[in-house]
Amino acid sequence: MKIHLLTLSLLLTLCAVNAQKKTIAQKVDSVLHLMTLEEKVGQMNQYNGDWEATGPITRDGDKQNQIRKGMLGSMLNVTGVEHTRQLQEMAMQSRLKIPLLFGQDIIHGYRTTFPIPLGEAASWDLEAIQRSARIAATEAAAAGVHWTFAPMVDIARDPRWGRVMEGAGEDTWLGSRIARARVLGFQGKRLGDTDAIMACAKHFAAYGAAIGGRDYNSVDMSLRTLWEVYLPPFKAALDAGAATFMNSFNDLNGIPATGNVYLQREILKGKWKFKGITVSDWGSVGEMIPHGYAANNYEAALEAVTAGCDMDMESRSYIGNLVKLVRDGKVSIALIDDAVRRILTKKFELGLFDDPFRFCNDGRAAGQWDNAANLAAEQDMATKSIVLLKNDNQVLPLSKNAGTIALIGPLIKSVRENLGFWSYQWPDDTARIITPWDGIARKVSGATKLLYAKGCGIDDSSRAGFAEAVAAASQADIVIMDVGEAPDMSGEAKSRSNLHLPGVQEDLIRAIQATGKPVVVMISAGRPLIFNWTADNVPAILYTWWLGTRAGSAMADVLFGEYNPSGKLPISFPRAEGQIPIYYNHFSTGRPAKSDSDLYYVSAYTDLVNSPRFPFGYGLSYTRFSYSDITLSAPAFRPGQQLTATVTLTNTGKYAGRETAELYVRDLVGSVVRPVKELKGFTQVLLRPGESRELTFTISAVDLRFYNDKLEYIYEPGEFRLYVGGSSSDVKEAKFVLLAK
Ligand code: BGC
C-alpha cells in the first residue's frame, strides 16, 4: 500500500512537472503567435547599457525607444534595482510587454568579491567554488540581474593569454568539475527562484587555444583535441543545466565560432540537445566581416543565425538584417521562431512574465552589503586559493610577535587592485577592502613593529625607492614583500609576450634578499608569472592571485599560520616564455627526453629544460605529507568491473594540514597516442600531525575513454599506469591491465 501511495504521488509530481513544462511551452507559443516578425527579431537583439555614462543605465534615446517598441530582448551591464526597474518599465510600455533580460559578467562575485576564477581553481575545493557562485548569484539577483556571462570554461594552456585568469586552468578533468560547480552555484535549486541567475558557459568553443596566446586570434586544432581537451567542460556545464551558452571571437579551423554550424547547430543543439539560449560574444556576429567570412552585416547575420546563434550581443547585425533575410527567403521563419522560443522560454522560467520586477528588490539588495556569512565564505575561499610555492627553513608561518617586520613592495598597500579584473561593478567604496598591509597590521601583536617602503612601482623602470626599502629591511627581523602584476595586466585583451615580474620588481627582491634578512615574497597576479631568481634564492614564496575584498585578511591568516596553505596549481608555471604552451598532460613523442639534462636528438630545447618551474597540481603545506605505496584491488580488471587503488596518507609534520591527493593514469599503448599523465580524480583530507588516513580511488573502464581517430569515445584494453601523489610530478606508481570484455 505504501509503495502504491508513493508511486501515485511520484506520478502526480511527474504529471505536475509535465503540466508545468507544457504550460510554459504553450505560453511561449501563444506569445509567439502574437508577435510580428520585427518583434521576434527584436527579442534576438541585445544592447549594452553604457554603464560608464552616469550610472549603469542607457542614456541612449534610440535604445530606449527600441525598448518601448519591443525591439530589444536583453540588455547587458545594467544593474541595480533602480536602473533595471527603469528599463523594465519601458519594456512594459511595449505592445506585448515582453520583459527584458538583464545580463552581466558576474565573474567572481557581485558585491562580495571572491578570488579570480583561476585563484579559486587553485583551491580544488568544489564545494567552496559552488558556494562562491551561489553567493554571487544571490547578490546579483537581488540587484535586478537575471543572467551572468559565466562560467568561462575555456581550457587554457598558454599563460600569455590574459584570460587564463578567468577560467579553471589547463586541465580538462578538473575544469569540467569546476564548470559544473559554478553552474550549480549560479543557478541554485532552480531557475525561477529569486536567488538564481542563468549561467552562461563560454566561449564556445576553443577560445583558450588562441595561437600564440594572443587574444581573439585564430585557433587551429585537430577535432580529436577539440573533443578530448576543449569540449568536455562545456558538456559538464550543459549537464549541470547551464541555461545559456556564449559563442566566441575566434575562428576554429577557419570558421568563426559565431558562424560555426558544426559547433552550435551540430554539436550543441544537435548531438547535445541543448535547449537554452546561445548568445554571441560582444559584436562577434559583425566581426565575421573582418574575419573575412562575411562581406557585410547582412551576410554575417545569415551565417550566425544559420549556425544557431540565438542572440546578437551588440553587433546590430540581427536587428538591421534578419527581417530582410526572412523576406528574401534566405532565413526560414522556423529558424527565427526556434531562437525566439528559446529566449521566451527562459523569460517564463525566470518568472518574468508573472512579475518583471521580481529581481529588483531594495531590501534583498541592501542585505548583501557587509553580509557576514558572505564575507566569511569569501575569506574561506581566499585562504584556500593561496598556494605555497616554497618554504625553505620553515620561514613560514611567522610569529605574531616577530619583533620588527618590514612590509615592502608596490602591492603591499594595494587597495582596489586586490579585486582583480572583472570587478568593475564594485563601487568607489574602497574602505571595505582589506589591503595586505591592513590584514597584517590587524594580525600581529601590539609589540610587533611594522615598517613600510614601496620600493618601486609595478611596471616601473626607476630604482629610486630601493634605498629606502633596503633601509627598512635592514632594520627589520623579517621582510614580507608583495609584488606582481597590475590587475588589468591579466584579463580580456591582456595578452602579454613577456611574463616576467614586470618592471624592476625582481631587482627590488634581489636588493632586499641581499640584506640577509629572512624574506617572504607574495606574488599577486592573474596568471602564472616568471620569477626564476626569486624562486632560486628567496626562501618563502606564496602565490596569492587576486583574492578579493578580504585579500589582506586571508594573506595574514596564511602568513601567521592561522590557515595552513592548501592550494595546488591548476596550471603549469613556465621557466621562460619559450616553453609555452606548457602543460603536464602532453604526449610522449617518439624521442622523449628522459630528464631535464637529456638534450641531444630528443624532444627538448638545447638552451632550456623541458620541465616547468612549478608543475600542475603542485603546492606545499606547512606540514609534510607522505604517501605510502599504492595497493591495487587486482592487477587486472574487465569493463563493467571496478579497480580500487589505496594509499595511506600520513601527516608527518608539526601542523594540522589539508592535502589534495591527486590520481593520474597513463594508457601505455593506444590506437592514438595518449598523454603521459591524465588527472582522473582527487580527494581532499584534513589530517592532524601524526595522523594517517587510507585513501581509496576507484577506476572503471569508462574513466579510461578517449576519442580515437574516428572520433569515437572508447576505451581500449591494455596496460596502464596509475599514479597517486601531491602534484603531477611527485607521485607513487602502480601498474594495471584493462582486459577485453
Ligand atoms: C567578452 C565576454 C563578455 C562580453 C560581455 C566580451 O568582450 O569576451 O566574455 O561576456 O564581452 O561583457
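Quote the charge dipole size of the stretch 675-724 about the Cα centre in Debye, to the nearest 20; the model charges only the Cβ of Lys and Arg (+1) and of Asp and Glu (-1).
It works out to roughly 220 debye.
Quick one: pull the percentage of alpha-carbon pairs in the stretch 70-117 with a separation above 18 Å.
Of the Cα pairs, 39 percent sit more than 18 Å apart.
Give me the angle, in degrees from 0 to 90, between the Cα long axis of helix 2-34 and the longest principal axis of the Cα atoms of the chain, rounded to the nearest 10.
On a 0 to 90 degree scale, this one is about 60.
Using a/c under 1.5 as the rounded threshold, could you call the stretch 570-610 rounded, prolate or oblate? The axes a ≥ b ≥ c are square roots of the C-alpha gyration tensor eigenvalues, and prolate needs a/b larger than b/c, oblate otherwise.
Judged from the Cα gyration tensor, the stretch 570-610 comes out oblate (a/c at least 1.5, b/c at or above a/b).
For every other residue with a beta carbon closer than 15 angstrom to the beta carbon of L738, add +1 if it is Lys or Arg and -1 if Asp or Glu, then tell me the sum.
Every neighbour counted, the sum reads +3.
Just going by the charge dipole of the chain, with Lys and Arg at +1 and Asp and Glu at -1 on Cβ, which of G403, G103, V444 is farthest out on the positive end?
The listed residue farthest towards the positive side: G103.
Express in Å², to the nearest 10, the accessible area of Y262 obtained by rolling a 1.4 Å probe over the protein heavy atoms while all chains stay in place.
Looks like 70 Å² after rounding.
Which part of the stretch 590-615 falls in the paramagnetic zone of S222, meaning amide N under 13 Å from the point 7 Å along Cα-to-beta-carbon?
590
In whole angstrom, and with the biggest value first, how far do the Cα coordinates of the stretch 326-426 range along each principal axis?
Taking max minus min along each principal axis of the Cα atoms, the stretch 326-426 gives 78, 39, 23 Å.
Under 12 Å from the Cβ of F421, count the other residues' Cβ atoms, weight Lys and Arg +1, Asp and Glu -1, and hand me the total.
Summing Lys and Arg as +1 and Asp and Glu as -1 gives -2.
Treating cross-link reach as a plain straight distance, find the aspartates and glutamates whose alpha-carbon is under 14 Å from the alpha-carbon of K710, omitting any fewer than eight places away in the same chain.
The qualifying aspartates and glutamates are E228.
Do me a favour and compute the ellipsoid semi-axes for the chain from its Cα gyration tensor, root of five times each eigenvalue, largest one first, whole Å.
The equivalent ellipsoid of the chain has semi-axes of 43, 33, 26 Å.
Taking H placed 1.01 Å from N in the peptide plane, check which residues at least 5 places from L101 or on another chain put their amide H under 5 Å from its amide H.
Here S74, M75 satisfy the definition.
Place +1 on the Cβ of every Lys and Arg and -1 on the Cβ of every Asp and Glu in the chain, take the dipole about the Cα centre, and give the residue among L32, V676, Q88 whose Cα lies farthest towards its positive end.
L32
Starting from the Cα-Cα distance between N361 and F587, subtract it from 0.36 nm times their residue separation and give me the gain in nm to one decimal.
So the chain would gain 76.0 nm between N361 and F587.
Given K346/K677; K449/K494; K346/K680; K202/K680, which pairs have Cα atoms separated by over 32 Å?
In this structure, K346/K677; K449/K494; K346/K680 exceed 32 Å between Cα atoms.
Over the stretch 583-741, one equal point on each Cα, no solvent: what is log10 I(q)/I(0) by the Debye formula at q = 0.21 Å⁻¹?
Evaluating at q = 0.21 Å⁻¹ gives log10 I(q)/I(0) of -1.29.
Per DSSP H run of n ≥ 4, the term is -39500 (n - 2.57); total these for the chain, divide by its residue number, and report the mean residue ellipticity at 222 nm rounded to 500 deg cm²/dmol.
The helix-only estimate for the chain comes to -8500 deg cm²/dmol at 222 nm.
Given the peptides 647-656, 168-177, arrange them by the average over their residues of other C-beta atoms within 10 Å, most packed first.
168-177, 647-656
So the label point goes 7 Å from the Cα of A636 along Cα→C-beta, right? Which residues of the stretch 725-741 then have their backbone N under 15 Å from it?
Answer for this model: 735-741.
Could you tell me the distance between the Cα centroids of the stretch 681-735 and the stretch 604-680, to the nearest Å?
Rounded to whole Å, the Cα centres lie 7 Å apart.
How would the stretch 196-344 be classified by its alpha-carbon gyration tensor: rounded, prolate or oblate, with rounded meaning a/c under 1.5 and the a/b versus b/c comparison settling the rest?
Oblate, because a/c is 1.5 or more while a/b does not exceed b/c.
Applying 1/(1 + (r/R0)^6) with R0 = 30 Å to the Cβ-Cβ distance of R688 and K735, what FRET efficiency is obtained, to the nearest 0.05?
Efficiency for this residue pair is about 0.35.
Work out the P(r) tail for the stretch 405-528: percent of alpha carbon pairs separated by more than 26 Å, whole number.
Every Cα pair in the stretch 405-528 considered, those over 26 Å come to 23 percent.
Give me the net charge of E127's neighbourhood, meaning all other residues with Cβ under 14 Å from the Cβ of E127; Lys, Arg count +1, Asp, Glu -1.
With Lys, Arg at +1 and Asp, Glu at -1, the neighbours total +4.
Mind checking which aspartates and glutamates have their Cα closer than 17 Å to the Cα of K235? Skip sequence neighbours fewer than 8 apart in that chain.
Within the straight-line cut-off, K235 pairs with D154, E170, D171, E266, D703, E712.
Give the span of the stretch 43-177's Cα atoms along each principal axis, as three whole-Å numbers ordered largest to smallest.
Sorted from largest, the Cα extents of the stretch 43-177 read 49, 28, 27 Å.
Rolling a 1.4 Å sphere over the protein heavy atoms, what is the accessible area per residue of the stretch 402-538, to the nearest Å²?
35
Show K235, K275, K189 ordered by accessible area, largest first, where the area counts protein heavy atoms only and the probe is 1.4 Å.
K189, K275, K235
If you place +1 on the Cβ of every Lys and Arg and -1 on the Cβ of every Asp and Glu, how big does the dipole about the Cα centre of the stretch 489-615 come out, in debye to the nearest 20?
140
Sorted from largest down, what three extents in whole angstroms do the Cα atoms of the stretch 93-167 have along their principal axes?
Rounded to whole Å, the extents work out to 49, 25, 17 Å.
Let me check I have the definition right: for the stretch 669-741, take the eigenvalues of the Cα gyration tensor, multiply each by 5, take square roots. What are those semi-axes in whole Å, largest first?
The equivalent ellipsoid of the stretch 669-741 has semi-axes of 29, 13, 11 Å.
Taking all protein chains as present, what is the carbon and sulfur share of the accessible area of the chain, in % to the nearest whole number, probe 1.4 Å?
The nonpolar share, carbon plus sulfur, comes to 52 percent.
What is the Cα centroid distance between the stretch 433-509 and the stretch 191-261, reported in whole angstrom?
A separation of 37 Å, based on Cα centres.
Could you size up the charge dipole of the chain around its Cα centre, putting +1 on the beta carbon of Lys and Arg and -1 on that of Asp and Glu, and report it in debye to the nearest 20?
In debye, rounded to 20, the chain gives about 1640.
The values are calculated or read from the model by the stated rules, or taken from the named source; none is laboratory data. Small disclaimer: the values here were computed from a predicted structure and weren't measured. Cβ: placed from backbone, ideal geometry, glycine included. Neighbour counts: every protein chain shown. Remember, those area values only see protein heavy atoms, side chains included, never the ligands or the DNA or RNA. Shrake-Rupley method; radii C 1.70, N 1.55, O 1.52, S 1.80 Å.
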